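The values are calculated or read from the model by the stated rules, or taken from the named source; none is laboratory data. Keep in mind that what you see is a predicted model, and the values were worked out from it rather than measured. All Cβ positions, even for glycine, are placed from backbone atoms using ideal geometry, and neighbour counts span all protein chains on display.
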Amino acid sequence: MNTSSSAPSSDGVVAADPMQEARALAALAALAQDTRLRLFRTLVGAGPAGMTPSELMPMVGGAAATLSFHLKELSRAGLVVGKREGRFIRYSADIMRMNQLMDYLTAHCCQGEPCGDGRPMMACEAVFVKR
């Protein structure tokens with residue numbers, strides 16, 4: 001018997017898939033810090049082009065070690081990816097992972113009934129190429 005079902009029980013409680021729950025917790029924990037949240041939102045705004053550390057540096061007061069620490073935590077949580085470009089690394093938000101987190105958080109919204117204005121919950125539908 002599969003105990004990791006994500007269907008609501010008779011009392012409305014949703015049993016979470018342990019792996020999905022662990023990934024969601026890691027992402028939410030990474031975003032629960034003000035500097036990392038600002039960095040992530042900035043990278044989301046930058047889109048697929050991303051940004052270099054020198055462009056992100058002002059957000060942490062010019063401290064390279066601090067920026068590196070926060071980017072590493074966001075990367076570890078799967079929210080940010082770095083792509084080497086010669087001597088530099090360009091960081092971008094992993095939009096697909098962000099959408100997966102949003103899907104996980106809203107999977108049982110309104111007990112499966114349509115809610116809100118009917119728009120899909122995807123944060124960036126078809127705007128970015130899926131990785």
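One line per residue, one yes/no per condition, for (1) under 18 Å from E21 (Cα atoms); (2) of a type in the set (D, E, K, R); (3) at pLDDT 95 or above:
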{"site": "T66", "(1), (2), (3)": "no, no, no"}
{"site": "H70", "(1), (2), (3)": "no, no, yes"}
{"site": "K83", "(1), (2), (3)": "no, yes, yes"}
{"site": "Y104", "(1), (2), (3)": "yes, no, no"}
{"site": "V129", "(1), (2), (3)": "no, no, no"}
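Restricting the first member to region 49-74 and to residues that are over 11 Å from L39 (Cβ atoms), and the second to residues that are of a type outside the set (F, W, Y) and part of a loop (DSSP other than H, G, I, E, B), no beta-carbon pair is closer than 7 Å while six or more apart or on different chains.
Filtered by the rule that a residue be under 17 Å from the mean Cα position of the chain (by Cα) and either in a loop (DSSP other than H, G, I, E, B) or farther than 17 Å from L37 by Cβ (or both), region 91-115 gives D94, M96, N99, Q100, D103, Y104, T106, A107.
Hey, does region 8-23 have a residue that's small (G, A, S), within 17 Å of M102 (Cα to Cα) and at pLDDT 85 or above? Within region 8-23, one or more residues are small (G, A, S), within 17 Å of M102 (Cα to Cα) and at pLDDT 85 or above.
The residue of region 32-59 that is modelled with the lowest pLDDT, among those that are hydrophobic (A, V, I, L, M, F, W, C) and in contact with a Lys or Arg (Cβ under 9 Å, 6 or more places away or on another chain), is M59.
Residue under question is R76, and the condition is that it be of a type in the set (K, R), modelled with pLDDT under 95, farther than 19 Å from M102 by Cβ and out of contact with any strand residue (DSSP E or B) (no Cβ under 6 Å at 6 or more places or on another chain); does it hold? So R76 does not fit the description; no.
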